[in-house]
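Read through the structure below, which is laid out as structure tokens, and then see the notes.
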Amino acid sequence: MLLRLLLLICAPLCEPTVLFVTVSPSPPIEGNSMTLACNTWTPPQTLDPPPQKLEVQRQFCFYKDGLALGLGWDSLPELRIPTVWREDSGSYWCEAKMTSLKVIRSPRVQINVHSIPISKVSLEIQPPDGHLMVGEKLVLACSVTGGTGEITFFWYKGSLGLKLDMKTQLSLKAKFEIPAVRESDSEQYYCAAENGYGPRLSELVNITVRIPVSRPVLILRAPKPDALVGNVVELFCEAQRGSPPILYHFYHENVSLGSSSAPFGGGVSFNHSLMAEHSGNYSCEANNGQGAQRSAVVTLNITGRLSARDPPRSPPRPAPQQTTYINSQALKQLQPVYENVNVVSGDEVYSLVYCTQQERPATAEEPSGTNIEDKDSSAIYYRLMADLTDVDYEDAM
């Protein structure tokens, strides 16, 4: 009753039409469209209205924060905005023009554009396995499965988060590239993305940059300046550069003598017992899966045999020998030690061969000290020249 009474009192004085703005959808979602409508409402009247003149068609105009939207005045009471973003939030109103002099304005209405938070962040890499050679290109693609509006992407290196780059764009995916990776780029990487609701992180991704082996160097180490039949020569092969593990092969006249691995890089040794036919060219090859490299050729000339006139010697205690696998942490291999012991008769010579094993570190189950098996040496007697009658070594003593 009170509202009706006010309308009756106000009718002669107030505008017969009221404007108000509505928006759909409500609330508008970032990245989608929004439609504004300028609605009119005429209060009910119980008194006979005064005679109305025929009016021209109404014109409408929409405003945001004092600026006219669209093309200005239009006969349509609606305005569709194809895509809205959070910055489109603000104060809106509309005006209706009944005649050239009569304009009605609606109250202001605050419209807030809502955005959808990011749902998941993932980091994809090229190449997919994360293994690259030095100089190759690495691509880190950060993507989100959900979210609206402008998204800011971040790329980080290492678990401590060294920031590499940042990009802001209207996209669900962004890329960061390292045109030519270096050895120092071997690390863990991750990315982050945020659109106003706080950053979300991807999982860590491992990147491994491998270095091809350099050309190895072969060194022959003989016990004496002149290589003789029966000598043991050490072939040492090492590549100065290259990602481990490195596999080494040893060759005599391009015929394989054997191979050895360096799990942690560096060089390896290979012991070779010389025979008369072992004169010639020696080489080695290094390979870590990124291409093999062959060393330069080293020539070895065998000048003769071990002399039978060497002074007799008692078998000495075996000294620890250099292991074949220099850089390996595995169990050390047995190495032979060759010694001449006694002249038995004529030109016949016996050699004593010791097989030694390096000591192992004491464990909780074993008492400290040298293991009995490591301490004993097995002596093997064999005849170098078989043109004379066999003579028992014990009898000869």
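The values are calculated or read from the model by the stated rules, or taken from the named source; none is laboratory data. It should be emphasised that the depicted structure is a prediction, and the values quoted were computed from it without experimental measurement. No Cβ is skipped: glycine too gets one built from the backbone with ideal geometry, and neighbour counts run over all protein chains shown. The protein model used for the area step is the full one, side chains on, heavy atoms only, and it has no ligands, DNA or RNA in it. Shrake-Rupley method; radii C 1.70, N 1.55, O 1.52, S 1.80 Å.
Listing for the model above:
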quantity: Residues located in segment 142-163, provided they are among the aliphatic types (A, V, I, L, M) and surrounded by 15 or more Cβ atoms within 10 Å (Cβ to Cβ); calculated: 144, 151
quantity: Yes/no for residue 196 being open to solvent by 40 Å² or more (accessible area, probe 1.4 Å), touching a helix residue (DSSP H, G or I) at 6+ places or on another chain (Cβ under 8 Å), in contact (Cβ under 8 Å) with a residue 24 or more places away in the chain and among the small types (Gly, Ala, Ser); calculated: yes
quantity: Output for segment 33-65, where each listed residue is hydrophobic (A, V, I, L, M, F, W, C) and modelled with pLDDT under 60; calculated: 47, 54, 56
quantity: Residue list for segment 145-162, restricted to those being in a strand (DSSP E or B), more than 17 Å from residue 124 (Cα to Cα) and under 15 Å from the mean Cα position of the chain (by Cα); calculated: 162
quantity: Condition met for residue 214 (in contact (Cβ under 8 Å) with a residue 40 or more places away in the chain and not in a loop (DSSP other than H, G, I, E, B)); calculated: no
quantity: Residue pairs meeting the criteria (Cβ under 6 Å; at least 6 apart or on separate chains; first farther than 17 Å from residue 189 by Cβ, in segment 126-149; second among the charged types (D, E, K, R) and crowded, with 20+ Cβ neighbours inside 10 Å); calculated: 148/30; 149/30
quantity: Output for segment 19-35, where each listed residue is under 14 Å from residue 89 (Cα atoms) and not polar (S, T, N, Q); calculated: 23, 25, 27, 28, 29, 30, 31, 34
quantity: Flag if residue 174 is surrounded by 13 or more Cβ atoms within 10 Å (Cβ to Cβ) and in contact (Cβ under 8 Å) with a residue 60 or more places away in the chain; calculated: no
quantity: Qualifying residue in segment 125-145 (condition: more than 29 Å from residue 290 (Cβ to Cβ) and at pLDDT below 90); calculated: no
quantity: Residue count for segment 208-240, restricted to those that are more than 40 Å from the chain's Cα centre (by Cα) and either β-branched (Val, Ile, Thr) or modelled with pLDDT under 85 (or both); calculated: 11
quantity: Output for segment 255-298, where each listed residue is in a loop (DSSP other than H, G, I, E, B), over 30 Å from residue 131 (Cα atoms) and either of a type in the set (Ser, Thr, Tyr) or more than 39 Å from the chain's Cα centre (by Cα) (or both); calculated: 274, 275, 279
quantity: Residue within segment 179-193 that is in a loop (DSSP other than H, G, I, E, B), of a type in the set (Val, Ile, Thr) and outside the structural domain of residue 86 (by the TED database) present; calculated: yes
quantity: Residue that is farthest from residue 211 (Cα to Cα), among those in segment 242-267 that are touching a residue at least 60 places away in the same chain (Cβ under 8 Å) and open to solvent by less than 10 Å² (accessible area, probe 1.4 Å); calculated: 260
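Yes/no per residue for (1) closer than 23 Å to residue 249 by Cα; (2) of a type in the set (A, V, I, L, M, F, W, C):
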| position | (1), (2) |
| --- | --- |
| 177 | no, no |
| 180 | no, yes |
| 183 | no, no |
| 194 | no, no |
| 205 | no, yes |
| 208 | no, no |
| 211 | yes, yes |
| 224 | no, no |
| 228 | no, yes |
